Amino acid sequence: MRAADRVGALLQHRWKALDALAKIGAVSLFLLRLLGQCIPCLARPWLVVQQIYNAGARSLVIITLSGLFVGMVLGLQGYDLLQRFGSESAVGVVAALGLIKELGPVLTALLFAGRAGTALCSEIGLMAATDQLAAMEMMAVDPVRHVVAPRFLGGIIAVPLLAAIFNCIGIYGAQLIGVTMMGIQSGTFWSQMQNAVQLRDVNEGLIKSVAFGAACSLLAVYEGYHAEPTAEGVGLATTRTVVSSAVLVLLLDYILTAAFL
Amino acid sequence: MIDDDAVVTVRDVHYAIGTHVIFKGLNVQVRRGAITAVMGPSGTGKTTLLRLIMGQVVAKRGTVRVFGENVARLKRRELYRLRQRVGLLFQSGALLTDLSVFENVAFPLREHAHLPEPVLRELVLMKLQAVGLRGAADMVPAELSGGMARRVALARAIVMDPEVLIYDEPFVGLDPISMGVIVRLIQSLNRLLGITTIVVSHDVREIGAIANYSYLLSEGEVVAEGTPAELNAERKGVVRQFMSGTPDGPVPFHYPARDYFEQLLERPGT
């Protein structure tokens, strides 16, 4: 009996692993179909612009506020740590590199997944539940081209822009603490930062934020498009979007960081 | 019926969702220019039949031909070309909620016909006038009543001048006035524009007044067909029950279950 239970449990684990594999396969196939529609969807560029506005411009408040506080915390922690070694003037370097290479892209992506990803997912899910996507199909319009691809591209474009704004505001926040509150010389703060931050650091942050933007948008549109057309189904899909986006962003961050070292 | 005149031919179609059998050898023909009604109790697969005709789902066995083409064999592009000749009115209307009434009706034209803006505007206004909602052009779907939404969806369905127009439960949830308006619209669109019409409905009285030919589906097959008068005269039990709206009969009121008293007397958990 015990042996049979063990075999059962083992098989169940196997099935779960197979489910996960099947989902990865389904997302990849969906990505291929989506990529095929990205160029045709550019024939109506205002659809993409509208989505950059929806996902990007409407996330500005949360991004700027979070950026400011993260920058201020970096300034405080950096100052506290660096003054022990007498090098508090390097606060600007710590904040800038930390934000540009790591915190900016990652936190922007996580905030984007929570603010815009959920909206994308539930919007598409509700469109499916109210037959709007089916109606498009019946009017010989591919919903992947007309609805999904513009949102995917909008997300890819919006996240790096948001990350850039997050970084700028974050550096301002660090400056606010370091220079205005703690009395570090302004010239030292900025010149050390200028010397330390290289173009490759900016590129690293840029590539990360594009990858995170693509990952978050892909998961949001995939979950929305495949959500069960019920209130509960759309709710569950939205939850899955946030959870899987967060995990994927952190996983990708590790991979990309390792690749850039 | 004359085969050459058929716009839609469904022959010996078998279809199942998982183990649940929907159709077991369905045969339906829709004649050019006629109003054909597909009736039947809820859950008999009427909407599934529409999805088969539109190529959204594929039959396990049998063929569905629209304009002589086997829908199941068409590639996506060919299917989309075919769908441009067929209009479908969804039960819910399925209007795009982020667009105004005008833009909803203009949507298929903007996607498929590259018309100058003044021509497009004229066409859209003509179609909205036909359904009596020109005055609502600037409203958004959230501001419309159920009947109005369905009329806008109808304007959208006819804006590409389809050869076939399919209505999925067009009378559900409408007040008598809106229902009368839709019945009149179905009839006038069919007569004036010569559009072949398929109406899926279980409103026997409304559909009986306008249909040229009716099919009654039950348990996966056609149980009766003919003109509304022929269907009314049919003696078969299930047909009589459906046409007269009797709650119990060959289609039972109760869903199959175990003995009532036995279940009531049983103690939970035993």
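Nearest 10 degrees is fine. How inclined is helix A:60-82 to the longest principal axis of chain A, computing both from alpha carbons?
So the inclination is approximately 40 degrees.
Considering every residue in A:119-131, what mean count of other chain Cβ atoms within 10 Å of its Cβ is obtained?
Mean partner-chain Cβ count within 10 Å for A:119-131: 2.
For B:V199, list long-range residues whose amide hydrogen, built 1.01 Å from N in the peptide plane, is under 5 Å from its own amide hydrogen.
B:T36, B:A37, B:V38, B:Y167
Would segment A:162-229 count as rounded, prolate or oblate if I go by the C-alpha gyration tensor, calling it rounded below 1.5 in a/c and otherwise prolate when a/b exceeds b/c, oblate otherwise?
oblate
If neighbour count is taken as other Cβ atoms inside 10 Å, put A:W15, A:W190 in order from fewest to most.
Fewest-to-most ranking of A:W15, A:W190: A:W15, A:W190.
Could you put B:K46, B:K75 in order, starting from the residue whose Cβ has the fewest other Cβ atoms within 10 Å? Mind showing how you got there, number by number?
On the way: B:K46 19, B:K75 8.
Least crowded to most crowded, the residues run B:K75, B:K46.
State the Kirkwood hydrodynamic radius of segment B:51-107 in Å, one decimal place, computed from all pairs of distinct Cα atoms.
It is 13.1 Å.
If I take all pairs of Cα atoms in segment B:183-246, what percentage of them are more than 14 Å from each other?
58 percent
With a Förster radius of 60 Å, plug the Cβ-Cβ distance of A:Q12 and A:R200 into 1/(1 + (r/R0)^6) and report the FRET value to the nearest 0.05.
Working from the Cβ atoms, E equals 0.80.
Give the angle, between 0 and 90 degrees and rounded to the nearest 10, that separates the Cα long axis of helix B:101-112 from the longest principal axis of the Cα atoms of chain B.
Once rounded, one gets 80 degrees.
Please list, in order, the residues from segment B:48-74 whose amide nitrogen is less than 16 Å from a point placed 7 Å along the Cα→Cβ vector of B:D12.
B:59-65
Taking each residue of B:53-63 in turn, how many C-beta atoms of other protein chains fall within 10 Å of its C-beta, and what is the average?
Mean shielding count: 1.
What is the magnitude of the charge dipole of chain B about its Cα centre, with +1 placed on the Cβ of each Lys and Arg, -1 on the Cβ of each Asp and Glu, and no other charges, expressed in debye to the nearest 20?
Details: 31 positive and 29 negative charges, 130 e Å.
Value, rounded to 20: 620 debye.
Report the one residue of A:L10, A:I157, A:G178 whose Cα lies farthest in the direction of the positive end of the charge dipole of chain A (charges on C-beta: Lys and Arg +1, Asp and Glu -1; origin at the Cα centre).
Positive-most Cα among the choices belongs to A:L10.
If all Cα-Cα distances of chain A are sorted into 5 Å bins from 0 onward, what percent lands in each bin, rounded to whole numbers?
The distribution over chain A is 1, 6, 11, 14, 15, 13, 10, 8, 7, 6, 4, 2, 1, 0, 0, 0, given as percents.
Can you sort A:C168, A:C41, A:C121, A:C216 by how many other beta carbons sit within 10 Å, fewest first?
Final ranking by Cβ density, sparse to dense: A:C168, A:C41, A:C121, A:C216.
Would you grab the residues whose amide H sits under 5 Å from the one on B:V223? Only those 5+ places off in sequence or on another chain, please, with H modelled 1.01 Å from N.
Sorted by chain and number, the residues that satisfy this are B:L216, B:L217, B:S218.
Tell me which residues come under 5 Å, amide H to amide H, from B:G25 once H is placed; ignore anything under 5 positions away on its chain.
Correct list: B:V13, B:H14, B:Y15.
7 Å from Cα along Cα→Cβ at both A:Y254 and A:A231: what's the point-to-point distance in nm?
Placing both labels 7 Å beyond Cα along the Cβ direction yields 3.9 nm.
With everything on Cα atoms, drop me the angle between helix B:176-193 and the longest principal axis of chain B, reported from 0 to 90° to the nearest 10.
60 degrees
Using the Kirkwood radius built from alpha carbon pairs, what does the Stokes-Einstein equation give as D for the protein assembly as shown at 10 °C and 1.306 mPa s, in µm² per second?
My calculation gives 58 µm²/s for D.
Could you give each residue of segment B:118-133 its phi-based ³J(HN,Hα) in whole Hz, using Karplus coefficients 6.51, -1.76, 1.60 with θ = phi - 60°, and x for Gly or Pro?
3J(HN,Hα) across segment B:118-133, in whole Hz: x, 5, 4, 4, 4, 4, 4, 4, 4, 5, 5, 5, 4, 9, x, 10.
Nearest 0.05, what FRET efficiency do A:K23 and B:N70 give at R0 = 45 Å with Cβ-Cβ as r?
0.85
How big is the charge dipole of chain A about its Cα centre, in debye rounded to the nearest 20, if each Lys and Arg gets +1 on its Cβ and each Asp and Glu gets -1 on its Cβ?
Computed about the Cα centre, the dipole is about 320 debye.
Please name whichever of B:I35, B:H202, B:F67 sits farthest to the positive end of the charge dipole of chain B, dipole taken about the Cα centre and charges placed at Cβ: Lys and Arg +1, Asp and Glu -1.
Selected residue: B:F67.
Between A:R44 and B:R205, what's the calculated FRET efficiency when r is the beta-carbon distance and R0 is 35 Å? Round to 0.05. Don't skip to the answer; put the middle values down first.
Values: r = 45 Å, r/R0 = 1.29.
That pair, A:R44 with B:R205, gives E of 0.20.
What is the average number of partner chain Cβ atoms found within 10 Å of a Cβ in B:110-116?
Details: counts 2, 8, 3, 0, 0, 0, 0.
Mean inter-chain Cβ contacts per residue within 10 Å come to 2.
Can you show me the helix-derived [θ] at 222 nm for chain A, built from DSSP H runs with n ≥ 4 at -39,500 (n - 2.57) apiece and divided by the number of residues, rounded to the nearest 500.
So the calculated ellipticity at 222 nm is -26500 deg cm²/dmol.
Determine the shape class of chain B: with a ≥ b ≥ c the square roots of the Cα gyration tensor eigenvalues, call it rounded for a/c under 1.5, and otherwise prolate if a/b is greater than b/c, oblate otherwise.
It is prolate, given that a/c is not under 1.5 and a/b is the larger ratio.
Suppose every K and R has +1 on its Cβ and every D and E has -1 on its Cβ; what is the size of the dipole of the protein assembly as shown about the Cα centre, in Debye to the nearest 20?
Once rounded to the nearest 20, the dipole reads 860 debye.
Work out from phi, with θ = phi - 60° and the Karplus expression 6.51 cos²θ - 1.76 cosθ + 1.60, the ³J(HN,Hα) of each residue of segment B:57-68, listed in order in whole Hz, and give x for Gly and Pro.
For segment B:57-68, the Karplus curve yields 10, 10, 6, 6, 9, x, 10, 10, 10, 10, 6, x Hz.
Count the DSSP beta bridges whose two residues both fall in the protein assembly as shown, then state the antiparallel fraction as a percent rounded to the nearest 5. Provide the component values of the computation, followed by the final result.
Numbers: 21 of 38 bridges.
Among the beta bridges of the protein assembly as shown, antiparallel pairing accounts for roughly 55 percent.
Every number here is computed from the coordinates shown, using simple stated rules; none is lab data. This is a predicted model, so every value here is computed, not measured. Using ideal geometry, Cβ is built from the backbone for each residue, glycine included, and neighbour counts are taken over all protein chains shown.
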